[in-house]
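A.B. asks: Mind looking over this structure? Questions follow.
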Amino acid sequence: MIPLGLLSAGENGEIVEIMLGKGEGVPGGAGMDKTSVRVEEMGLRIGKNVEMLTNGGNTILLRVDEARIALARRMAMKIMVRR
């Protein structure tokens, strides 16, 4: 397993773990904090296959299903994938 932020452009990976905080107080979040809820809303869930489109600078560009998603590098480093 490696962080999503370390995949090179053109590489694929399967999300195996998302290491974000599990806080309280988000209505309907079932114990998840706002960041965790947002990541799920973007389609980044355990078991999903992602393709790295662009990996440079502080923002990366991913393909998840048929969508293209921009993600901050610090967030991508908290998502573990298997090549």
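No lab work stands behind these numbers, since they all come straight from the coordinates. Values in this document were obtained by computation on a predicted structure and should not be read as measured data. We place every Cβ from the backbone using ideal geometry, glycine too, and count neighbours over all the protein chains shown.
A.B. asks: How much mean residue ellipticity at 222 nm does the chain get from its helices, if each DSSP H run of length 4 or more adds -39500 (n - 2.57) and you divide by all residues, to the nearest 500 deg cm²/dmol?
C.D. replies: Numbers: 2 runs with 12 residues, N = 83.
After summing the helix terms and dividing by the residues of the chain, the value is -3500 deg cm²/dmol.
A.B. asks: Report ³J(HN,Hα) in whole Hz for each residue of the range 64-75, in order, from the Karplus equation J = 6.51 cos²θ - 1.76 cosθ + 1.60 where θ = phi - 60°; Gly and Pro get x.
C.D. replies: These are the phi-based 3J(HN,Hα) values: 10, 6, 10, 9, 10, 10, 8, 9, 5, 4, 4, 6 Hz.
A.B. asks: Given points 7 Å out from each Cα along the Cα-Cβ axis, report the residue 77 to residue 6 separation in nanometres with one decimal.
C.D. replies: Roughly 1.2 nm, to one decimal.
A.B. asks: While we're here: How big, on average over all directions, is the shadow cast by the Cα convex hull of the chain, in nm²? Can you show the working numbers first?
C.D. replies: On the way: hull surface 20.1 nm².
Mean projected area of the Cα convex hull: 5.0 nm².
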